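**Q** Have a look at this one.
Derivation of every value follows stated rules applied to the coordinates shown; laboratory data play no part. What you are looking at is a predicted structure, and each value in this text was computed from that prediction instead of being measured. We place every Cβ from the backbone using ideal geometry, glycine too, and count neighbours over all the protein chains shown.
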Amino acid sequence: MKIEGKYKFLASQEHIWDLFMDQKNLEKAIPGCEKMEEREPGKYDVLLKIGIAAIKGTYTGKVEVVDPEPPNRYRLLGEGSGSPGFVKGEATIEFSQEGQHTIVSYQGDMQVGGLIAGIGQRMIGGIAKMMAGQFFKKMAKQLKS
Amino acid sequence: MKPSAFEYYTASTVAEAIDLLERYEDEAKIIAGGQSLVPMMNFRVAQPEVLIDINGIKELDYIRQEDDEIVIGALTRETDLELSPLVQERCPILLKAVSLIGHASIRNRGTIGGSLVHADPAAEIPVAIYGLDAKMRVVGPSGERTLEPEEFFLSYLTTSLEPSEILVEVRIPVLPQKTGWSFVELTRRRGDFYIVAVASILFMEKGGVCKEARISVGGVGPTPIRAEEAEELLAGQVITDELIKKAGQKAAEAADPESDYHASAEYRRDMTRVFVQRGLTEARNTAKGG
Amino acid sequence: MAERRRITVKVNGVEYEREVDPKRLLVDFLRDDLELIGTHVGCEHGFCGACTVLLNGRSIRSCLMFAVQADGAEIMTVEGLAEDGKLHPLQEAFREHHALQCGFCTPGMLIVTYELLKENPDPTEEEIRLAVAGVLCRCTGYKQIVDAVMAAAPKMRGK
């Protein structure tokens, strides 16, 4: 499944790059992220508790930052699994300056499987988009502080 | 798989249910028909610690007319909606929508309240509710409130119900005689979750002029949408084939669907156009037929 | 650990009193606690219809109900169709028209068609198809099932 979108931040590109590279910010912004530990530089173990309404699940996973080209782009690899199913994905995150704003755009591929896919295929794209939206909103909040 | 363990309570009044919800809050889930909840529990995608069974709240099982509204208790089974002469005569669009839900065995247990609170983006009843501008009456520890569809439905599987609130009633305005209506949906097989569903209502005045149109579309967003620009196109006009064609196109522009395993966004958007057109054509015919 | 509950259910005319864990699904109660293994577990999420039984006269998917919820109810399973060892006309028709191969969906098919003929003693082919659409059959292609019901209907009307 293809996922893509973009978000606008009122800040310089370098500032946004640093924001996204800071583990503390990611930990606060990733929806449901309870724990994020760096195993090796650029490789993180994560614990997520996410859900919609009655569908709650705990997922353990790995996130990896690859091919960083500061301050323009990097690739993100992720995978997680929990009792309701598994998620695997990769995305290219790109930063570009537009006047006073930095546009962060992402484009990637996501696979969702397991029981959650059996029950909710129709909603996964929308929910993924919602969570991406939540993530960017939280990142923007951290920009202000 | 089998569900995880839970504590089980039954409530025989609304007050009891609210009491239990207040006590257990986030840990508790209400079970009515269970046709959406139990599959999730069997897969352990939902694991409520407490289940509050409200099937015994007989006071919530009714269909009656109060002035110009059909008033339906939240616990009314979908099959009973189909069998009700009141619904058949005064609210045929709801009847049609309900008849397309799954299969008879599911409708025998499923309730109108459960369908609304579960807020599945591919459920039929919410689409009809948006088209009818029906109101949802909700009761909680601090009293009751009445919500419009846009206030009630927030997103995928999410309503604005507070943790201790329970939906008790749906109030549906009786449509005037000679109102055109239709409910159409696209599914691969009868009973599947639909790709798109469209509820159309045409309030008519003399001379075949449409006073007001309502077009509600499901399957193209986290909640049903009203295609307002398409509706405005029809208001005050005689409904011609050309106008129906344009309304379909406008409705497709209003849709913002996701791609998924079942259908791409482009397909859903195009099917919005097709099914709005089909729905409006059918509604125009029922208006003529009186 | 949830407390077990005492429930009383009447199944195929016989009353049973048992203690169950609230999370016990009705289908598992029927099969494992009452040893009525005619009802089948196919998908466990209400999709296949093999678990269909009659509850207080209406067909329901017994994998979507907890046994505790059936306290005080009257249930008919596929075992309740035959009388005194004699097959019900529907079962006879299924046999004659080869309406089953592996037999896994058959309990569900018999219950929904039994319900159909009770409410609609002279159904059209379309109405039969609508009734059986909710039970998934991978063997027969449905044609023989429809034929069987068409054949059983007049017999049940006494013709």
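**Q** What is the order of A:PHE95, C:PHE66, A:PHE135, fewest Cβ neighbours within 10 Å to most?
**A** A:PHE135, A:PHE95, C:PHE66
**Q** Next question, about the same structure. Among rounded, prolate and oblate, which fits region A:7-54 when a ≥ b ≥ c are the square roots of the eigenvalues of its C-alpha gyration tensor, a/c under 1.5 means rounded, and a/b larger than b/c means prolate?
**A** Oblate.
**Q** Filter the DSSP H helices in chain B by two things, a Kyte-Doolittle mean of at least -1.0 and an axial alpha-carbon span of 18 angstrom or more, and list the hits by number.
**A** Long hydrophobic helices here: B:241-254.
**Q** Out of residues 5 or more away from A:GLY5 or on other chains, whose amide H comes under 5 Å of its own, with H placed 1.01 Å from N in the peptide plane?
**A** The answer is A:TYR106.
**Q** Between the alpha-carbon centers of region C:1-53 and region B:116-158, tell me the distance in whole angstrom.
**A** Centre-to-centre distance over Cα atoms comes out at 33 Å.
**Q** For peptide B:30-43, compute the average count of partner chain beta-carbon atoms within 10 Å of each residue's beta-carbon.
**A** Across the residues of B:30-43, the mean count of other-chain Cβ atoms within 10 Å is 6.
**Q** Please turn the phi angles of region A:30-44 into ³J(HN,Hα) values with the Karplus equation 6.51 cos²θ - 1.76 cosθ + 1.60 (θ = phi - 60°), one per residue in order, whole Hz, x for glycine and proline.
**A** Each residue's phi maps through the Karplus curve to give 5, x, x, 6, 9, 8, 9, 10, 7, 7, 9, x, x, 10, 10 Hz.
**Q** Can you give the FRET efficiency to the nearest 0.05 for B:GLU59 and B:SER160, using r as the Cβ-Cβ distance and R₀ = 25 Å?
**A** About 0.60, to the nearest 0.05.
**Q** Compute the acute angle (0 to 90°) between the alpha-carbon long axis of helix C:143-156 and the principal axis of greatest extent of the alpha-carbon atoms of chain C; round to the nearest 10°.
**A** Roughly 90 degrees between the two axes.
**Q** With a 10 Å radius around each residue's Cβ, average the other Cβ atoms per peptide and rank C:11-19, A:7-15, highest first.
**A** Details: C:11-19: 12.8, A:7-15: 15.8.
Going from most to least packed, we get A:7-15, C:11-19.
**Q** Which value at 222 nm does the protein assembly as shown reach when only helices count, each DSSP H run of 4 or more adding -39,500 (n - 2.57), with the total divided by all residues and rounded to the nearest 500 deg cm²/dmol?
**A** So the helix-based figure for the protein assembly as shown works out to -10000 deg cm²/dmol.
**Q** Just want to confirm a number: the relative contact order over region B:142-217, from Cα pairs under 8 angstrom separated by 6+ residues, in percent.
**A** For region B:142-217, the relative contact order is 18 percent.
**Q** Mind ordering B:98-109, A:115-126 by average Cβ neighbours within 10 Å, highest first?
**A** With the highest mean Cβ count within 10 Å placed first, the list reads B:98-109, A:115-126.
**Q** Further question: Which whole-Hz ³J(HN,Hα) couplings does region B:70-79 yield from phi under the Karplus relation 6.51 cos²θ - 1.76 cosθ + 1.60, θ = phi - 60°, glycine and proline marked x?
**A** My calculation for region B:70-79 gives 8, 10, 10, x, 4, 8, 5, 6, 4, 4 Hz in order.
**Q** Set the Förster distance to 60 Å, then compute FRET efficiency between A:LYS144 and C:GLU96 from the Cβ-Cβ distance, nearest 0.05.
**A** 0.20
**Q** Determine ³J(HN,Hα), in whole Hz, for all residues of region A:9-18 in sequence, where each value follows from phi through the Karplus function 6.51 cos²θ - 1.76 cosθ + 1.60 and θ = phi - 60°; x replaces Gly and Pro.
**A** With coefficients 6.51, -1.76 and 1.60, one gets 10, 8, 5, 6, 4, 5, 4, 5, 4, 4 Hz.
**Q** In addition: What Kirkwood hydrodynamic radius do you get for the protein assembly as shown when you take the inverse of the mean 1/r over all pairs of distinct Cα atoms, in Å?
**A** Answer for the protein assembly as shown: a Kirkwood hydrodynamic radius of 26.2 Å.
**Q** Please state, to two decimals, what the Cα-based radius of gyration of region B:7-53 comes to when divided by 2.2 N^0.38 Å (N = residues).
**A** For region B:7-53, the normalised Cα radius of gyration is 1.11.
**Q** On to the next question. Starting from the 7 Å offset along Cα-to-Cβ, what nm value, one decimal, do you get for the label separation of B:GLU228 and B:SER142?
**A** 2.8 nm
**Q** So how far apart, in nm, are the two label points at C:ARG138 and B:TYR261 if each is 7 Å from Cα heading toward Cβ?
**A** Roughly 1.6 nm, to one decimal.
**Q** List the residues whose amide H sits under 5 Å from the amide H of B:GLY56, counting only those 5 or more places along or on another chain, with H placed 1.01 Å from N in the peptide plane.
**A** B:ALA11
**Q** Rg to Rh ratio, chain A, alpha-carbon atoms and Kirkwood radius?
**A** My calculation puts Rg/Rh at 0.96.
**Q** A further question on this structure: Remind me, relative contact order of chain B in percent, using alpha carbon pairs under 8 angstrom and six or more residues apart?
**A** In percent, rounded to a whole number, it is 15.
**Q** Taking Cα centroids, how far is region B:195-219 from region A:1-54 in Å?
**A** Cα centroid to Cα centroid, the span is 44 Å.
**Q** Over chain C, what is the mean sequence separation of C-alpha contacts under 8 Å (at least six apart), divided by residue count, expressed as relative contact order in percent?
**A** Relative contact order comes out at 23 percent.
**Q** For every other residue with a beta carbon closer than 9 angstrom to the beta carbon of B:ASP61, add +1 if it is Lys or Arg and -1 if Asp or Glu, then tell me the sum.
**A** With Lys, Arg at +1 and Asp, Glu at -1, the net is 0.
**Q** Here is a further query. From largest to smallest, what semi-axes in whole angstrom does region C:5-80 give when each is the square root of 5 times an eigenvalue of its alpha carbon gyration tensor?
**A** One finds semi-axes of 17, 14, 11 Å for region C:5-80.
**Q** Please report, in Å, the Rg and the Dmax of chain C, where both are computed over Cα atoms only.
**A** In Å, with Rg to one decimal and Dmax whole: 15.8, 56.
**Q** Moving on to the next point. Separation between the A:SER81 and A:MET131 pseudo-spin-labels, each 7 Å from Cα along Cα→Cβ, expressed in nm?
**A** 1.6 nm
**Q** Give the long-range amide H neighbours of C:PHE66: residues separated by 5 or more places, or on another chain, with amide H under 5 Å away, using H modelled in the peptide plane at 1.01 Å from N.
**A** Distant-sequence amide H within range of C:PHE66: C:LEU26.
**Q** Between A:LYS2 and C:LEU87, what's the calculated FRET efficiency when r is the beta-carbon distance and R0 is 45 Å? Round to 0.05.
**A** Efficiency, rounded to the nearest 0.05: 0.25.
**Q** Rounded to the nearest angstrom and ordered from largest down, what semi-axes does the equivalent ellipsoid of region B:58-173 get from its C-alpha gyration tensor (root of 5λ)?
**A** Ellipsoid semi-axes (Å, largest first): 20, 16, 13.
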